[in-house]
Structures are given as C-alpha cells and as structure tokens.
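Okay, structure first, notes after.
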Amino acid sequence: MVMKKKPAKKAAKKPAAKKKAVKKAVKKVAPKKKVAKKPAKKVAKKKPAKKKAVKKAAPKKPKAKRKPNPAFMRPMMPSPALAMIVGEKPLPRTEVTKRVWEYIKKNRLQDPVNRRDINADENLKKVFGGKSKVNMFEMTKLIGGHLK
C-alpha cells in the first residue's frame, strides 16, 4: 500500500488580516501622495564591476592647543593675607588657585565628609573673610577679592 501525502495546510490568515487593517488605519491618518509610474527602462547588460581604487585618507591635522584667556594669565599682585599662602610675587589667577589648592592639600584642610568644603586655618580665615568653612566655588570668588 502506498500512502498519499496530505497537502500542506495554508498559514492562518489572521496575521495578514491584521497587517491590512493596520495599513488601512495608517492610510486614513496620513494618505500617501499618488505618484505616476514611469515606464520601465530597458536594462542593458551589466558589465563586470571594476575594482575601485581605495583612496588613502589624508593625515589628520593635530588639534591646536586651546589658548588661555589673556586676562587669566596677566600677573596680579596678591594682598598681604593671600601672600602668606601663595607668595609675594605677582602671579596669574590660575597659578594663585593652584598654589591655594596645594596649601589646602598639604595641610589637609579639605573636609573629609563633604570634599567640596574647605575648613580654614588661621591663614585662610584672613583670606575667607573670617569664615571657618567655605565651599570650593565660593573660595575662588573670595580669592579674587585679594588680587589687584
């Protein structure tokens, strides 16, 4: 006895029906513009593709270093209170800030819990206007008042 193969069942049409419903909903929301179809052009036989020459990328120019603002680099004279920390010679603002931070770290004046706060010692209290605890952002403002 020879058994006949059963014909394969066709896939359920539910997913296709859903797709059509979605497409119809999309068309209602945003109708597409009708574009006239152009007549098909005759296609010539394709020639084998030629290998394209690979262009080497030009070497990249190194980025120019960012120039500091001349106002920050102008030497300024520190007040006598600030001179006890950074020295008496005229220094640019950037160097003054560096030296104040070196002093703070050397004497461990940064608050261990909140690292943004600086606990002032006797020399820094004079610079900070008598405050014993100053935020690091407020510190730069207060130092600026001691530069001429």
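The values are calculated or read from the model by the stated rules, or taken from the named source; none is laboratory data. Keep in mind that this is a model prediction, so the values were computed, not measured. Note: ideal-geometry Cβ built from the backbone for every residue, glycine included; neighbour counts use all protein chains shown.
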- Task: Give the range 71-92 a look and list any residue that's under 32 Å from the mean Cα position of the chain (by Cα), exposed (fewer than 14 other Cβ atoms within 10 Å of the Cβ) and not in a helix (DSSP H, G or I), or say none.
- Result: 74
- Message: Against the conditions (1) farther than 15 Å from residue 146 by Cβ; (2) without any contact (Cβ under 8 Å) to a residue 12 or more places away in the chain; (3) surrounded by 12 or more Cβ atoms within 10 Å (Cβ to Cβ), where does residue 95 fall short? Just the number, please.
- Response: (1)
- Item | Pairs, first more than 16 Å from residue 85 (Cα to Cα) in the range 133-148, second at pLDDT 90 or above and in a helix (DSSP H, G or I), C-beta under 7 Å, six or more apart | 134/142
- Query: Among (1) under 20 Å from residue 69 (Cβ atoms); (2) of a type outside the set (Ser, Thr, Tyr); (3) in a loop (DSSP other than H, G, I, E, B), which single condition is residue 98 missing?
  - Reply: (3)
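Tell me, which residue of the range 101-112 that is assigned to a loop (DSSP other than H, G, I, E, B) and in contact (Cβ under 8 Å) with a residue 12 or more places away in the chain is farthest from residue 139 (Cα to Cα)? Lay out the reasoning, then the answer.
Taking the range 101-112 as the starting set, the residues that turn out to be assigned to a loop (DSSP other than H, G, I, E, B) are 107-109, 111-112.
Within this subset, residues satisfying the condition of being in contact (Cβ under 8 Å) with a residue 12 or more places away in the chain are 107, 109, 111.
Working: 107: 16, 109: 13, 111: 14 Å.
Within the range 101-112, the match that is farthest from residue 139 (Cα to Cα) is 107.
Return the only residue of 40, 17, 57 being within 30 Å of the chain's Cα centre (by Cα) and modelled with pLDDT under 90. Walk me through how you get there before you give the answer.
Numbers: 40 fails: within 30 Å of the chain's Cα centre (by Cα); 17 fails: within 30 Å of the chain's Cα centre (by Cα).
Every option except 57 fails the conditions.
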- Query: If you go through the range 119-134 one residue at a time, do you hit one that is at pLDDT below 95, under 30 Å from the mean Cα position of the chain (by Cα) and not in a strand (DSSP E or B)?
  - Reply: no
- Among the residues of the range 114-132, which ones are over 14 Å from residue 80 (Cα atoms) and polar (S, T, N, Q)? 114, 119, 132
